[in-house]
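Let me begin by presenting the structure, written as structure tokens, before commenting on it.
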Amino acid sequence: MRLITLVFSLSFFALLWSCGGGDTQSAEGQPEGALSSEMESFAKFYQRFHADSLYQIRHIIFPLEGLPDDADSATIASGRFRWTKQSWKMQRPFDFEMGEFGRELKELGPGLVEEIIYHKKLPYVLVRRFSYLGDDWYLIYYAGMNKVRVE
């Protein structure tokens with residue numbers, strides 16, 4: 001299952017890369033600023049998630065499914081990798097405007113957002129999924145920065 005998820009994510013990234021995408025958009029394809037109320041609540045969560053380390057830890061479902069940075073084929077194929085509180089590396093915000101990274105943010109469905117962060121010049125991608133569970137947003141999947149094949 002993890003291999004399928006990674007392949008899907010990497011395929012999506014390759015499509016994004018080949019189309020020259022990278023501008024942040026809402027699920028409806030409108031520029032950021034025309035966001036739904038759900039995405040507005042996500043934007044507030046996202047800002048606090050990166051500013052407050054205790055809030056961040058409380059808003060991650062551990063053990064967290066995903067992949068480490070530079071995952072090898074055996075780790076990917078096993079589908080057994082999980083982040084724990086002890087192995088977690090605090091997430092800090094990226095500078096998408098002036099930095100070397102871009103992102104694609106998509107609503108995959110009600111209460112489900114996928115974020116793909118990619119290096120603008122090198123074939124590296126990071127994938128995060130967030131879900132609205134109960135009364136707040138949570139990180140439910142994190143694949144660290146991994147090299148992808150761009151064809």
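Where a number appears in this text, it was derived from the coordinates with a stated rule and is not lab data. As the structure is a computational prediction, the values presented were derived from the model and not from experiment. Here the Cβ is made from the backbone with ideal geometry for all residues, glycine too, and neighbour counts use every protein chain on show.
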Anything in the range 38-61 that is touching a helix residue (DSSP H, G or I) at 6+ places or on another chain (Cβ under 7 Å) and farther than 26 Å from residue 120 by Cα? List them, or say none. 55, 56, 59
Can you work out which of the residues in the range 62-89 that are part of a strand (DSSP E or B) and touching a helix residue (DSSP H, G or I) at 6+ places or on another chain (Cβ under 8 Å) is farthest from residue 144 (Cα to Cα)? 65
So, in the range 120-141, of the ones that are among the charged types (D, E, K, R) and touching an Asp or Glu at 6+ places or on another chain (Cβ under 6 Å), which residue ends up farthest from residue 49 (Cα to Cα)? 120
Can you give me the number of residues within the range 122-151 that are under 24 Å from residue 76 (Cα atoms) and either of a type in the set (Val, Ile, Thr) or not in a strand (DSSP E or B) (or both)? 9
Would you confirm whether or not the range 85-108 contains a residue that is surrounded by 14 or more Cβ atoms within 10 Å (Cβ to Cβ), among the charged types (D, E, K, R), in contact with a Leu (Cβ under 7 Å, 6 or more places away or on another chain) and in contact (Cβ under 8 Å) with a residue 24 or more places away in the chain? yes
Within the range 126-151, work out how many residues are over 9 Å from the mean Cα position of the chain (by Cα), of a type in the set (Val, Ile, Thr) and crowded, with 16+ Cβ neighbours inside 10 Å. 2
